[in-house]
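Novice: Following this message is one structure expressed as structure tokens.
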Amino acid sequence: MSLQPHHTGSFEHPDDPGEPTTGDPRLSVTALEGQILAALVAGRMVLEIGTGLGVSTAAMAATAKHVATYDIDAWVHDTIWPDLPDNVVGVKSLDDVGRAFGAVFIDGDHSAEAVDRDLGVAIEHSDVGSVIIAHDTASLVVREGLAASSGWHWVDTTHGLGVLWV
Ligand SMILES: C[S@@+](CC[C@H](N)C(=O)[O-])C[C@H]1O[C@@H](n2cnc3c(N)ncnc32)[C@H](O)[C@@H]1O
């Protein structure tokens, strides 16, 4: 994977055509955010919404039982998915995944409407004792999208993490 460091501590990809909705370059989670994710999902079956550059995917796969990662962009399917660890499967439709995941990580489209929709998907695919984690919660727009659920714990990382126990 030819990732390059970004000044925020995230990574970027030199050939990234940009996010499908905004055209902005994809930025990964930071190393610390990856470590927190790995600790939270240890031993769990994970659903990830938004593979991106696969940095969060690989971090979670290091401790999780299994990761199903969903992304809408063919560039991600063709460029990122082939290099992911063996306990990761890429899914092109959420209809292809099971229902009860032990953890769901939301880092897809960052509009409030999309985050709200992804939170609904996360709840639908969770069970009692599951953990839902959202990235980029330093963004007020992302926080607006998460407002349908109360009980979030905010982790003050570079981009912000939200943690919700179901
Ligand atoms: C910021 S990147 C994720 C970065 C990733 N967490 C990492 O550490 O490398 C966001 C990804 O969400 C994907 N995406 C955008 N809209 C989506 C949607 N509606 N459903 C799923 N993924 C989406 C984009 O194609 C992009 O790859």
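Novice: Could you tell me whether any residue of segment 76-98 is closer than 22 Å to His159 by Cα and away from the ligand (no atom under 11 Å from the Cβ)?
Specialist: No: zero hits.
Novice: For Val67, state whether it is more than 8 Å from the ligand (Cβ to nearest atom) and either of a type outside the set (S, T, N, Q) or in contact with a Lys or Arg (Cβ under 8 Å, 6 or more places away or on another chain) (or both).
Specialist: Values: more than 8 Å from the ligand (Cβ to nearest atom): yes; either of a type outside the set (S, T, N, Q) or in contact with a Lys or Arg (Cβ under 8 Å, 6 or more places away or on another chain) (or both): yes.
Against the criterion (more than 8 Å from the ligand (Cβ to nearest atom) and either of a type outside the set (S, T, N, Q) or in contact with a Lys or Arg (Cβ under 8 Å, 6 or more places away or on another chain) (or both)), Val67 qualifies.
Novice: OK, next. Tally up the residues in segment 88-97 that are surrounded by 14 or more Cβ atoms within 10 Å (Cβ to Cβ) and over 15 Å from the mean Cα position of the chain (by Cα), please.
Specialist: Number of matching residues: 1.
Novice: Does Phe101 satisfy the criteria of being more than 11 Å from the ligand (Cβ to nearest atom) and either aromatic (Phe, Trp, Tyr) or buried (at least 19 other Cβ atoms within 10 Å of the Cβ) (or both)? Step through it out loud before you land on a result.
Specialist: Numbers: more than 11 Å from the ligand (Cβ to nearest atom): yes; either aromatic (Phe, Trp, Tyr) or buried (at least 19 other Cβ atoms within 10 Å of the Cβ) (or both): yes.
It is true that Phe101 is more than 11 Å from the ligand (Cβ to nearest atom) and either aromatic (Phe, Trp, Tyr) or buried (at least 19 other Cβ atoms within 10 Å of the Cβ) (or both).
Novice: Would you please list the contacts, defined by Cβ atoms under 7 Å and residues six or more apart or on different chains, that run from a residue in segment 117-146 that is modelled with pLDDT of 95 or more to a residue that is of a type in the set (Phe, Trp, Tyr) and surrounded by fewer than 21 Cβ atoms within 10 Å (Cβ to Cβ)?
Specialist: Every condition considered, the pairs that remain are Val131/Trp165; Thr137/Trp154; Leu146/Trp152.
Novice: Next question. Test each condition in (1) of a type in the set (Val, Ile, Thr); (2) surrounded by fewer than 17 Cβ atoms within 10 Å (Cβ to Cβ); (3) out of contact with any His (no Cβ under 7 Å at 6 or more places or on another chain); (4) closer than 26 Å to Leu32 by Cα for Val141 and report the one that comes out false.
Specialist: Evaluating Val141 over (1) of a type in the set (Val, Ile, Thr); (2) surrounded by fewer than 17 Cβ atoms within 10 Å (Cβ to Cβ); (3) out of contact with any His (no Cβ under 7 Å at 6 or more places or on another chain); (4) closer than 26 Å to Leu32 by Cα leaves (3) as the failure.
Novice: Still on this structure, I have one more. For segment 9-45, give me each residue that is polar (S, T, N, Q), part of a loop (DSSP other than H, G, I, E, B) and open to solvent by 40 Å² or more (accessible area, probe 1.4 Å). Show your work before the answer.
Specialist: Going through segment 9-45, the residues polar (S, T, N, Q) turn out to be 10, 21-22, 28, 30, 35.
Those still in the list that are part of a loop (DSSP other than H, G, I, E, B) too: 10, 21-22, 28, 30.
Matches in segment 9-45: Thr21, Thr22.
The values are calculated or read from the model by the stated rules, or taken from the named source; none is laboratory data. Since the structure is predicted, the reported quantities are computational estimates derived from the model, not experimental observations. Cβ atoms come from the backbone with ideal geometry, glycine included; neighbour counts cover every protein chain shown. Ligands, DNA and RNA are excluded from the accessible area calculation, which covers all protein heavy atoms including side chains. Shrake-Rupley method; radii C 1.70, N 1.55, O 1.52, S 1.80 Å.
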